[in-house]
Amino acid sequence: MVSAATSTYSTADWQLGYRSLSQEYDYWISELEGRIPARLRGTLFRNGPGKLEAGSQRYGHPFDGDGMICAITFVDGKVHFRNRFVRTREFEAEEKAGRVLYRGVFGTQKPGGWWANFLDLKFKNPANTNVIYQGEKLLALWEASAPYRLNPKTLATEGIETFAGGIAAHQPFTAHPRRDPATGDLIAFGVRAALNSTLLFYRLDPKGQLTEKREYQIPGFAFLHDFVWTPHYRIFFQNPVAFNPLPFVLGWQSAGTCLTLKVGDPTRIWLFPNSGTPIQLETEPGFVFHFVNGYEAGEQVIVDAILYEEYPALEPNADYLQIDFTQIPAGKLWRFYLDPKAGTVSRELLLDRSVEFPAIHPNCMGGSHRYLYIGTTHVPGPNAPLQAILKLDTETGRTQQYSFAPRGFVGEPVFIPDPDSHAEDEGWIVTVIFDAASQRSQVVILEAQDLAAGPIARIPLRHHIPYGLHGSFTPQVWVE
Ligand code: CO
C-alpha cells in the first residue's frame, strides 16, 4: 500500500468514483464557477461503464460495465447535460432478469460456477468504450462487435449499425477509429484474434457510409486496441501476448485473464500500405493500448505511443476496487522512429512517468503534432490514479501540468480547437473529473495555452459519472 506520507489520494476516495449511476438526466447546469468561452460551441460525447452490476452481482471488471453515453453541450455560454444507457439487447435482457446473463470479456463470469460458463462463448457487447459522430450517425463503440447507433439529439438507442449490411451484426469494429482531417473520412479496423488473426480494414466517408472493406491475415494472436493512421499507412503494434483459450472455454476464467506474456518475444510492428504488401518490423517487447498519433517524416514514420513494459495482467477473481496502484505497471510515453525501407526501429522515452488517455489537435491526426495533452498522476514516481492533466511540447520537451489532487480524479482530456484561431494549441482542454469531496463529477475547461493556470470553468454536475473511457467532440448542437 502507499504510505500516508507519500500518497496524493485516498483509496476510499478513488473507490467512490466506481459506483453505478442508474438515473438518466436532462438538465441545464445553473451553478458554475468561472466562465464558458463564447466560442466554445458544440457537443462533447462521452462513453464509459455507467452500471457496474446486474441485480446484486457486481461485474468482475469495470470494462464489462454497461455503456452509458453523456452529452455535454456548450452553447451561448451555457451548458446542458444528458445521459442515457446504450440499450443493447444484452442490457435489456439483464435489466429484465435482474441478474448477470452474459459473460464479460474482462472478468465477469455468470454466477453458477464453471458449469454455467462452460462452453459459453457468447460475450456481452457492453457498447461502453467510445462514442463518435460521423455522417449524422452517433456510434457507441466496443471493439469486439459492431457499433450501436444512437439518436444524437435524444441519445435513444436505434440499433446495431451494419452500414447497410456492409458488416455483420457481430463483426469486430474498433473503439478507436481515426479521422483523416483532409477528407473527413473515418479510418477504422477490426480484429478477429485467434491462433492466427484476421485484420479487417474499414473506411467511413463523411456521410457515414462504408466505402472500404479489406481483410488481411497475420500470424499469431493479435490483441489490438488502437492503431496509427498516416496518409500512406495503417500501423499496428502486435504485442507479445499469448491467449490460452482453454480456461476460458472451460468456464474457469474470463478471457481477459487468459492473456499471458510471451517472455523474450519482440513486439511486431506492422505497416500496411494503402496497397501492396505489409512491412513487418520488430522492437523490444512491450504493450501499447493507446497511440497518440503517427506521421511520416521523409523516409521515417514517427509514432508516439503509451508503452507498458510489462503486461498489466488481470488476475482471475481479483477485486478491481482493491487494486494496489503501486503494483501495476505504469504506461509511459515513448516516441518510435520506424524506417520501413531500412527495416529498423529506434525509440526514445518522452515522459518518464505514468500517463494515459492522450489527445492532440484533431487537424494534426496523421500529420505532425507539436503538442499533446494527457492524463497523469499528481507527481512522477510510484503508480497512482490519474489526477492531473499534462501538456507536452514535443519540440522543446517543456511540460505544463494542472493537478486536481488530492480529491479529484481525471478522465480523458479532449482538445477542442478555438474556431477563430490557427495556432496548434489555441483551444480548450475539456475533461470530466470525479470530485470525491462532493461525491459528484465536474466538467472542467482549461485553456490549452495556459494549462498550469487551472480551469477557467468548473461545471459541477448534480451527480457523479462513474470513471469513463473515451469520447469525442463535434461542433454540432442538438439541444434547444
Ligand atoms: Co481505448
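The values are calculated or read from the model by the stated rules, or taken from the named source; none is laboratory data. Being a predicted model, the structure only gives us computed values, none of them experimental. Cβ: placed from backbone, ideal geometry, glycine included. Neighbour counts: every protein chain shown. Side chains are part of the model used for accessible areas, which takes the heavy atoms of the whole protein and leaves out ligands, DNA and RNA. Shrake-Rupley method; radii C 1.70, N 1.55, O 1.52, S 1.80 Å.
Scanning the range 430-474 for residues that are assigned to a strand (DSSP E or B), free of Cβ contacts under 8 Å to residues at least 60 places away in the same chain and over 21 Å from residue 9 (Cα atoms) yields a count of 2.
Only residues that are open to solvent by 10 Å² or more (accessible area, probe 1.4 Å) and either without any contact (Cβ under 8 Å) to a residue 24 or more places away in the chain or not small (Gly, Ala, Ser) (or both) were counted in the range 327-368, giving 29. Figure legend. Inter-residue proximity from the range 280-302: first residues among the hydroxyl-bearing types (Ser, Thr, Tyr), second residues part of a strand (DSSP E or B), beta-carbon distance below 7 Å, spacing 6+ or different chains. Indicated pairs: 283/267; 283/269; 283/336; 283/345; 283/347; 295/302.
Tell me, please, whether a residue that is open to solvent by 20 Å² or more (accessible area, probe 1.4 Å), more than 24 Å from residue 130 (Cβ to Cβ) and touching a Ser or Thr at 6+ places or on another chain (Cβ under 9 Å) can be found in the range 406-427. Within the range 406-427, one or more residues are open to solvent by 20 Å² or more (accessible area, probe 1.4 Å), more than 24 Å from residue 130 (Cβ to Cβ) and touching a Ser or Thr at 6+ places or on another chain (Cβ under 9 Å). Looking only at the range 29-51, residues that are open to solvent by 40 Å² or more (accessible area, probe 1.4 Å) and in contact with a Phe, Trp or Tyr (Cβ under 8 Å, 6 or more places away or on another chain) come to 1 in all. Can you pull out every residue in the range 388-415 that is farther than 12 Å from residue 433 by Cα and of a type in the set (A, V, I, L, M)? Matches in the range 388-415: 390, 392, 414.
Criterion applied to 452, 388, 448 was being among the small types (Gly, Ala, Ser) and open to solvent by 10 Å² or more (accessible area, probe 1.4 Å), and the one residue passing it is 452.
Out of 443, 432, report the one residue that is under 19 Å from the mean Cα position of the chain (by Cα), open to solvent by less than 10 Å² (accessible area, probe 1.4 Å) and at pLDDT 95 or above.
443
Given the structure, is residue 82 assigned to a loop (DSSP other than H, G, I, E, B) and either at pLDDT 90 or above or closer than 21 Å to residue 320 by Cβ (or both)? Even if it seems obvious, please write down each step before you answer.
Details: assigned to a loop (DSSP other than H, G, I, E, B): no; either at pLDDT 90 or above or closer than 21 Å to residue 320 by Cβ (or both): yes.
So residue 82 does not fit the description; no.
With respect to the stated conditions, residue 336 is under 24 Å from residue 263 (Cβ atoms), of a type in the set (Phe, Trp, Tyr) and either more than 16 Å from the chain's Cα centre (by Cα) or more than 16 Å from the ligand (Cβ to nearest atom) (or both). Each residue in the range 220-229 was checked for being more than 16 Å from the ligand (Cβ to nearest atom) and either open to solvent by 60 Å² or more (accessible area, probe 1.4 Å) or touching a Lys or Arg at 6+ places or on another chain (Cβ under 7 Å) (or both), and 0 of them qualify.
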